[in-house]
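Reading through the structure tokens given below for one structure.
The values are calculated or read from the model by the stated rules, or taken from the named source; none is laboratory data. In this text the structure is predicted, and so the values were computed from the model without any measurement. Cβ coordinates were reconstructed from backbone atoms using ideal geometry, including for glycine residues, and neighbour counts include every protein chain displayed.
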């Protein structure tokens, strides 16, 4: 049983990495099996298709990320610090990926979502749900900041939407230009949208 689970986990991790590093369309079942070190028959033992595996990879990636996000956006953390800690978390992952493969990959959700949005409703809807959770994190922090008199919180959903668009655009631009400079300024930009100045400066990695 343990060996069976290990094979499935390797397929999921391989799919996540390959899709993030390149694209969904350019990642074949053969590529995934080669990266995972398993036979093609094992792939179809666990997954009906590449789409089903990509969905499992999304779930796995989100499950690994959500615990950290819950900590970052904890009500116990001052609301403005949540945005700075989130920006630091994003930069940390981008730096790790750059060091591992040699170029900036941006966000796997944004890259995959823009690629499959007209082709695969199952993947598109799940990506929308995950992005919606990010939106709720932002809105919660905005409301808490407003309650503390730090900002105008009259339109928390609209402001959260603007933040989401900004984060998506920043990470997409970083991938296109293969340059982490926009990500290094993520906290400053997010707080500018909130009409606030950062309380700290995120050091360059």
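Observations, loosely collected:
- Some residue of the stretch 141-148 being under 29 Å from residue 54 (Cβ atoms), more than 19 Å from the chain's Cα centre (by Cα) and surrounded by fewer than 14 Cβ atoms within 10 Å (Cβ to Cβ): no
- Residue in the stretch 125-133 that is over 21 Å from residue 66 (Cβ atoms), out of contact with any strand residue (DSSP E or B) (no Cβ under 7 Å at 6 or more places or on another chain), without any contact (Cβ under 8 Å) to a residue 12 or more places away in the chain and surrounded by fewer than 16 Cβ atoms within 10 Å (Cβ to Cβ) present: no
- The stretch 103-124, residues that are surrounded by 12 or more Cβ atoms within 10 Å (Cβ to Cβ), free of Cβ contacts under 8 Å to residues at least 24 places away in the same chain and not in a helix (DSSP H, G or I): 117
- Conditions (1) at pLDDT 95 or above; (2) surrounded by fewer than 18 Cβ atoms within 10 Å (Cβ to Cβ); (3) within 16 Å of residue 160 (Cβ to Cβ): number failed by residue 138: (2)
- Scanning the stretch 43-84 for residues that are outside any helix (DSSP H, G or I), under 20 Å from the mean Cα position of the chain (by Cα) and free of Cβ contacts under 8 Å to residues at least 24 places away in the same chain gives a single hit, 74.
- From the options 205, 192, residue that is over 14 Å from the mean Cα position of the chain (by Cα), closer than 18 Å to residue 106 by Cα, surrounded by fewer than 19 Cβ atoms within 10 Å (Cβ to Cβ) and at pLDDT below 95: 205
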